[in-house]
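This report concerns only the one structure given below.
The values are calculated or read from the model by the stated rules, or taken from the named source; none is laboratory data. All values reported here derive from a predicted model rather than from experimental measurement. Ideal geometry is used to build each Cβ from the backbone, glycine not excepted, and the neighbour counts take in all protein chains shown.
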Amino acid sequence: MTAEASATSAKTEKPESVNRPVVADNIVPKKIRILGVPLDLGQSRRGVDMGPSAVRVAGLEARLEAIGHDVEDGGNVAVAIAEQKKEGDPRAKYLKEITATCTKAAELVLKTLEAGKAKWLSVITGCLCFFLTALFPLALAGQSEDKKKTEQFSATVFGESGMSLGKSTLLNIYVTDYSSDQEVEELAATLKTKGSDALLSAVQKMKEKGRVSTTGRVGWTVPVVRQHPTAKGRRIVMFSDRPIGFYEATKAPRSKTYEFGLLILNVNDKGEGDGLLYGACKVKFTKDDQLEVEHYSQTPARLVGVKLWK
């Protein structure tokens, strides 16, 4: 073959085909995470727990990727085995186990969205009792992205021990933002490796995400605020260094070593509920890696009549 013929042959050869995702004009590629919930405890007939597996076998991930999406399979949420549990009320079978599963799934959904691992989630299950709880954290995540609206709660604090026993006061609680998983993980690592003093220093350098005050006073800032879905609504946890008065600063009594404050709100979907206030506490990790909170008084103060105003 001549050089001329060889060149002509090279020009006419077709290029090898390359498998690339075909993205439709009206489809914007998204980052999607798949989460399976093989739950059938609420059904009269067994077997619907095979739903997540069936959808995967049918090629959900491959089909989503084929139209250009970035897909990650997050596996399945652990579900209790019916034969190992008591059925309970026949009108609400396995209510405790179903609630626990829904709560775990909702927490995973919320953590995924907060960490930015995905903007869209494909939650596959066989039991419809799951979906209301699964959708709740999606609504919370949407709320946090919607300009981070300030929430204002009011509550009445009742002292349970010590000098505050029997006394009550009104409390105003403001939430302007929520802490990310990364922020909380970094604080936990600081406490584990460097101790309480280093944690205090780290907390004091963080930006304000909320505020707690009694009526007519400015109050104190809160740099760590988290929320988690519960069976009845959500739990809001606020953690900060606490205000130290002149007497404590100069005389350094034992109470000064309790350098943190912790507030917990348990509210329903209307923002109503109760809670606890640890006015002065220590935090540490135990030998089995559990976070332990030690309150200066025998018991924390109770929060009652919690109400969301806006």
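Screening the stretch 201-219 for residues that are surrounded by 15 or more Cβ atoms within 10 Å (Cβ to Cβ) and among the hydrophobic types (A, V, I, L, M, F, W, C) and picking the one that is farthest from ALA106 (Cα to Cα) gives ALA202.
Within the stretch 220-242, the residues that satisfy the criterion of being outside any strand (DSSP E or B) and either outside the structural domain of PHE285 (by TED's automatic domain parsing) or surrounded by 13 or more Cβ atoms within 10 Å (Cβ to Cβ) (or both) are PRO223, THR230, ALA231, ARG242. Consider the stretch 267-307. How many of its residues are buried (at least 17 other Cβ atoms within 10 Å of the Cβ), of a type outside the set (A, V, I, L, M, F, W, C) and part of a strand (DSSP E or B)? Final tally of qualifying residues: 5. Residues in the stretch 242-273 that are modelled with pLDDT under 85 and among the polar types (S, T, N, Q): 3 in all. Inspect the stretch 47-65 for any residue being of a type in the set (D, E, K, R), crowded, with 17+ Cβ neighbours inside 10 Å, in a strand (DSSP E or B) and in contact with a Leu (Cβ under 7 Å, 6 or more places away or on another chain) and give the result as yes or no. Within the stretch 47-65, none of the residues are of a type in the set (D, E, K, R), crowded, with 17+ Cβ neighbours inside 10 Å, in a strand (DSSP E or B) and in contact with a Leu (Cβ under 7 Å, 6 or more places away or on another chain). For the structure I just gave you, tell me whether ALA134 is crowded, with 19+ Cβ neighbours inside 10 Å, modelled with pLDDT under 65, assigned to a loop (DSSP other than H, G, I, E, B) and under 18 Å from the mean Cα position of the chain (by Cα). So ALA134 fails the test.
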